[in-house]
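See structure below.
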Amino acid sequence: MTVELLVLLIVIITALAFDFTNGFHDTANAMATSIATGALRPRVAVALSAVLNLIGAFLSVAVAATVAKGIVRLDAVQGHDLLIIVFAGLVGGILWNLLTWLFGLPSSSSHALFGGLIGATIASLGWSGVIWAAGSEGVLTKIILPAVLAPIVAALVSALGTWSVYRITRGADADKVNEGFRWGQIGSASLVSLAHGTNDAQKTMGVIFLALVAHGTLTKNDEMPLWVMAACAVAIALGTYLGGWRIIRTLGKGLVEIDSPQGLAAESASAAIILTSAHFGLPLSTTQTATGSILGTGLGKGAEVRWGVMGRMVVAWLLTLPLAGVAGAVCWAIAHFIGGLPGVLVVFAILITLSGAIYLRSRRDPVDHGNVNEWPEVDIPAAPAESAHSAQV
């Protein structure tokens, strides 16, 4: 086995590892509301989502063809140098996914991947290696604008849907309404899972295809190999089945207290927007879309929104591109400084070590299917007068 082939295999394994983290990081996008309202039991929900992610990954390759295209000038480098950039970008994306998962923050896996690639490209080719703005191309058009518009549009559509639902059903029996909408949620959540597989698994397909072209195994005009599609589909499905319980809890219970009609409205809005973006080949953030939809249900119903939780999410969104980029740049620098296969192996070892450390830290405060619907409220001490009165009573 040649050194170049071994590097290619490491890049492919790392890409599939990113796809795996993408799966458990984004399970909440489809299933958080269904789990929160009791429409689906937690284990059943993640199993259903995993199967539909697997199927969705085979429906289209439109998004795969646009990954990194029009964002970074990866055609300016080739061979081993291109493999190192892709590898470093993937490592940066994985580390950001794991860190935000640890804190239960639903940040964008898509932006983590793009941020890692952008950072590694800047470290390798300089600022000119990134297309910042050029008509329909560039970071501004393909990443920043969709990131701003997606949650806003999703929130507006979801708020309107929620308001309409409660308006139509205001005279009906509340228990029957909730029961009926729980059944509807199963269908809408399934559609979001299918859309997620169609949109997100293809991003990893595109990265692996890029690595195969860099190695010389494929040309840029070849069709996507079936084994690449199958491997990415299985990786994202396994990650989904693992269940990103921390993020599911944040979206399902941390932002808004959701009833079944709200859940159906949120999931329907998310599915419509994600499927539309996949049809046009746009690598949209499913996380920001789903979060915007859930926020919209609270606004549409007039329910209490935990703005502190929303604020932490927005901070994570703002930091995703730059910090994943820093991670990608540092990983590229380490691999480049050491050079060759040893450099790649050192960065791979760093990835494994940091991933293990994050996992061990998560076990201090475990979240699983048993406590995913329990949002930790902060206890506020009673005032002295109130405490004295309580003692007398």
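The values are calculated or read from the model by the stated rules, or taken from the named source; none is laboratory data. Please read all numbers here as calculations on a predicted model, not as lab measurements. When we count neighbours, we look across all protein chains shown, and the Cβ atoms used for this are built from the backbone with ideal geometry, even at glycine. When the accessible area is computed, the model is the full protein with side chains, heavy atoms only, and any ligands, DNA or RNA have been set aside. Shrake-Rupley method; radii C 1.70, N 1.55, O 1.52, S 1.80 Å.
Quickly run through the stretch 166-189 and pick out the residues that are surrounded by 21 or more Cβ atoms within 10 Å (Cβ to Cβ) and small (Gly, Ala, Ser).
SER188, ALA189
Every residue in the stretch 116-150 that is closer than 30 Å to ALA271 by Cβ, assigned to a helix (DSSP H, G or I) and open to solvent by less than 20 Å² (accessible area, probe 1.4 Å), please.
GLY116, LEU117, ILE118, VAL139, ILE143, ALA150
List pairs: first in the stretch 50-67 and closer than 18 Å to ALA271 by Cα, second modelled with pLDDT of 85 or more and aromatic (Phe, Trp, Tyr), Cβ under 8 Å, 6+ apart or cross-chain?
Filtered contacts from the stretch 50-67: ALA50/TYR241.
Kindly list, by first and then second residue, each pair from a residue in the stretch 163-178 that is in contact (Cβ under 8 Å) with a residue 60 or more places away in the chain to a residue that is not in a helix (DSSP H, G or I), limited to pairs with Cβ atoms under 7 Å and residues at least 6 apart or on different chains.
Listed pairs, sorted by first residue: VAL177/THR169; ASN178/ASP259.
Among the candidates ALA154, ALA112, single out the residue that is open to solvent by less than 50 Å² (accessible area, probe 1.4 Å), modelled with pLDDT under 90, in contact with a Ser or Thr (Cβ under 6 Å, 6 or more places away or on another chain) and part of a helix (DSSP H, G or I).
Checking each option against the conditions leaves just ALA154.
Pick from the stretch 217-233 the residues that are free of Cβ contacts under 8 Å to residues at least 60 places away in the same chain and touching a helix residue (DSSP H, G or I) at 6+ places or on another chain (Cβ under 9 Å): which of them is least open to solvent (accessible area, probe 1.4 Å)?
Selected residue: VAL228.
For GLY197, all conditions in the list (1) in contact with a Pro (Cβ under 8 Å, 6 or more places away or on another chain); (2) open to solvent by less than 10 Å² (accessible area, probe 1.4 Å) hold save one; what is the number of the exception?
(1)
Has the stretch 82-93 got any residue that is modelled with pLDDT under 85 and open to solvent by less than 10 Å² (accessible area, probe 1.4 Å)?
Within the stretch 82-93, none of the residues are modelled with pLDDT under 85 and open to solvent by less than 10 Å² (accessible area, probe 1.4 Å).
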